[in-house]
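The values are calculated or read from the model by the stated rules, or taken from the named source; none is laboratory data. Keep in mind that this is a model prediction, so the values were computed, not measured. Reconstructed Cβ throughout: ideal geometry from the backbone, glycine too, with neighbour counts over all protein chains shown. When the accessible area is computed, the model is the full protein with side chains, heavy atoms only, and any ligands, DNA or RNA have been set aside. Shrake-Rupley method; radii C 1.70, N 1.55, O 1.52, S 1.80 Å.
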Amino acid sequence: MTMAEAAPVDARLNSLFEPGFVAEERVLIDAMGQAPTPGVGTDPVAVKIRDARQLQRAAATGGGFSEAGFFAEHSFVALEHRSSYRDWDADDGLTRTYFPEIESIIRERLLPGRRVEIPPVTNLLRRGPDTPNPFYGTVVHQDYGLNADDYEENVAAYGTDAAARAWRDQYERDEVAGFLVINFWRTVHQDEPLRHLPLAVCDPYSVAPDDVVSTGLLNFTPTGRPSNQLGLRHNPEQRWYYYPGMTTGEVLAFKNFQCFKDDARPTLRTCFHSAFEEPDAPADVAPRQSCEYRVGVFFLK
């Protein structure tokens, strides 16, 4: 057994489609849980989740390891980063403090040498007790779909038609080659390493094209329109990973959405993800406090 293959945890993930399930059109999912989802059983699915820290250490063993190279190969990477931003419960000062830190990470550590344009992000999503989002994302999903039309539809569903048109106008500029959304996920306000509902990510290069299912959420967006997302058909060849014991001194960067204009056929290069229960976590573990900061990146020719 190699270092990268050692010690997976036996976990259970929700909302994986059953093997063999085929959908002729987008599967609409009732976010309120009042209707069953076609092709999804009522019980969680047993999945082995590997230690991503071991994967990164194994990649560094031969020398020449780079965070950018690992991110390109797997679409996720954990980075050491102790932020100077402290007011995680408010957006005041976010673009003055946290955004410049994240922009520097993107330009210098994840996409060095690439010509990119990174619009400032003015809000982040907090999860945990006493936050606007006390519930955790414990279902397997990808947030945005595969192509520019999918993303534009989501912007309209969660915002406005004007915002969707503005994004599309930016994307259609001649100098733009593609677009990427990176999710910067981290724990906040926690004194101990995370043991409650850590985040698992699936290496997109282990996902067969036929295992990707077009989905949308009903009763979820502020406009009432269905979202545009992706679901995953269970396949034991898929490789799931997590970073055990994440601390506030590190951040997990993973691809939320990606599309390029020259893609003849859109291909999954982004991470399905879900929170899950660690089988051996203590019963009195502190509830997870976390935040997501989703940053859009325009690739320039």
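Table for the structure above
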quantity	calculated
Ellipticity estimate at 222 nm from DSSP helix runs (n ≥ 4, -39,500 (n - 2.57)) divided over the chain, nearest 500	-5000 deg cm²/dmol
Prolate/oblate/rounded label for the chain (Cα gyration tensor, a/c 1.5)	rounded
Pairwise centroid distance, computed over Cα atoms, of the stretch 222-248 with the stretch 1-65, Å	7 Å
Between the stretch 99-166 and the stretch 167-194, the alpha-carbon center distance in angstrom	5 Å
Distribution of pairwise C-alpha distances over the stretch 79-171, 10 Å bins, in %	13, 29, 45, 13, 0
Alpha carbon Rg of the stretch 7-57, scaled by the compact-globule rule 2.2 N^0.38 Å	1.52
Equivalent ellipsoid dimensions for the stretch 165-301 as semi-axes, Å, which come from the Cα gyration tensor, largest first	30, 19, 16
Whole-percent carbon and sulfur share, accessible surface of the stretch 93-153, 1.4 Å	49 percent
Candidates Q34, Q238, Q170: whichever shows maximal mean-square fluctuation once the chain is modelled as a Gaussian network with Cα springs under 10 Å	Q34
The stretch 7-138: C-alpha gyration tensor shape, a/c 1.5 cut-off, then a/b vs b/c	oblate
Cβ-derived FRET efficiency at R0 25 Å, A163 paired with Q34, nearest 0.05	0.30
Mean accessible surface per residue for the chain, computed with a 1.4 Å probe while every protein chain stays in place, in Å²	48 Å²
Charge-dipole axis of the stretch 145-249 as Lys and Arg at +1 and Asp and Glu at -1 on Cβ define it, positive-most pick from H234, G159, S214	H234
Apportionment of accessible area to carbon and sulfur, the stretch 158-301, percent (1.4 Å)	49 percent
Point-charge dipole on Cβ atoms (K/R +1, D/E -1) for the chain, about Cα centre, debye to 20	500 debye
